[in-house]
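Below: one structure, written as structure tokens.
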Amino acid sequence: MLQLSPCSTAVSRVQRQRDRSASTLMEQDEAISVFNDFTDILQSEVHVDLERLRILARHGVPNQLRGEVWMYLLGVQDADRSKELTRSRARSQEYDQLEKGDPDLLRRIRAEVGRYQRRTSEMADQQYLPRFENIITAYLNTNRDVDYHPALIYLCAPFLYALDRECDAYFCFERLMQAIDEVNTTNTTKQRVAHFLSLFRYALPELCNYFEDEEVNLDEWSTSWLQNLLSKELPFSNLVALWDAYFAVSDPLEFHPFVCLAILCNAKDNLEDLEQSEIRTMLLCLPVMDMKRILADASNLHHETMERMLFEEEHL
């Protein structure tokens, strides 16, 4: 049996350390380059190039710049910078005038925020609690036709994390809720779930059959995934990376079902080793994933599924 000498082992160890160091340096250089690309766009004195910003954001936004980038992508901040300070003051004044606070709502929000903070280390700081209370109550008092739901906490959290000013977080959250409401007006949740499950059976028939054999409740997890943009199920770092890409595309809610399919596709082997209760647990609390891969797979699934469905329709 061939045995390495202590000297050879030491050399190999040093080489591995050098390789890791070189890889780390390359990653740092790339991160600096990406950061500089974003700041070049954001520091434009006259007009922010939204098209360039969208192209960059699809591949992820640096943590330090995420809030500012999201404001532009969601249309809260205007690309024309000539009246930026005036609009910023106007947002602050408008938010200050919104009615906040409701004893019953506050009690329910505090309870859910407490549960959320215990499972989400990024949002564990107690400074977030009053901001959750203000934003959620302001939104519900402004939109009286909307009922409180714990999912509002999960949908609001990334904006509180990314933005320093409470008023800016509120208006970004409001834009997202408006987009979700528009989709709900066009198609009911039941219709969207039915459409997604049809795609699921079409794209991943073996996994779908396995779920049915294990008597997994398909409606339970798919409804939450679709309604709340995976805000409850994904690890927080994955969620903000996903939303970087979502806010950079024209119709993220149309693309979202294919992201859900890509997650199932990537988790397929693990899921097929589990039993019913374990499957449910995993689907409602997803593991850390490579979101760049998920987004690439989702894009491929979208194109492939649409092409296959069109081909079959033409040959009926």
Considering each residue of region 255-284, count those that are β-branched (Val, Ile, Thr), more than 21 Å from the chain's Cα centre (by Cα) and closer than 21 Å to Asn300 by Cα, and give that number. 0
Restricted to region 122-140, and to residues that are assigned to a loop (DSSP other than H, G, I, E, B) and not charged (D, E, K, R), which residue is farthest from Tyr95 (Cα to Cα)? Ala124
Pull up region 208-234, narrow it to residues that are of a type outside the set (A, V, I, L, M, F, W, C) and within 17 Å of Val259 (Cβ to Cβ), then point me to the one that is nearest to the chain's Cα centre (by Cα). Ser231
So which residues in region 111-121 are open to solvent by less than 50 Å² (accessible area, probe 1.4 Å) and part of a helix (DSSP H, G or I)? Ala111, Glu112, Val113, Gly114, Tyr116, Gln117
So for region 163-173 (the condition being among the aliphatic types (A, V, I, L, M) and closer than 30 Å to Arg107 by Cα), does at least one residue qualify? yes
Checklist (1) under 22 Å from the mean Cα position of the chain (by Cα); (2) open to solvent by 80 Å² or more (accessible area, probe 1.4 Å); (3) modelled with pLDDT of 95 or more; (4) not small (Gly, Ala, Ser) applied to Glu133, failing item: (2)
So Leu105 clears everything in (1) over 23 Å from the mean Cα position of the chain (by Cα); (2) farther than 16 Å from Cys156 by Cα except one condition, right? Which one? (2)
Does region 53-75 contain any residue that is surrounded by 12 or more Cβ atoms within 10 Å (Cβ to Cβ), of a type outside the set (Asp, Glu), part of a helix (DSSP H, G or I) and more than 20 Å from the chain's Cα centre (by Cα)? no
Only one of Ala90, Ala57, Ala79 is out of contact with any helix residue (DSSP H, G or I) (no Cβ under 7 Å at 6 or more places or on another chain) and of a type in the set (A, V, I, L, M, F, W, C), namely Ala90
Of the residues that make up region 160-168, is at least one more than 19 Å from the chain's Cα centre (by Cα), assigned to a helix (DSSP H, G or I) and of a type in the set (Asp, Glu)? yes
Region 275-288 residues that are closer than 17 Å to Phe236 by Cα, paired with ones that are charged (D, E, K, R) and part of a helix (DSSP H, G or I) (beta carbon under 9 Å, 6 or more apart): Leu283/Glu220; Leu284/Glu220; Cys285/Arg119
Would you point out which residue out of Arg108, Arg89 is at pLDDT 95 or above, of a type outside the set (Val, Ile, Thr), surrounded by fewer than 18 Cβ atoms within 10 Å (Cβ to Cβ) and in contact with a Phe, Trp or Tyr (Cβ under 9 Å, 6 or more places away or on another chain)? Arg108
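The values are calculated or read from the model by the stated rules, or taken from the named source; none is laboratory data. If you're wondering where the values come from, they're calculated on a predicted model, not measured in any experiment. When we count neighbours, we look across all protein chains shown, and the Cβ atoms used for this are built from the backbone with ideal geometry, even at glycine. To get the accessible areas, we keep the full protein, side chains included, count just its heavy atoms, and leave off ligands, DNA and RNA. Shrake-Rupley method; radii C 1.70, N 1.55, O 1.52, S 1.80 Å.
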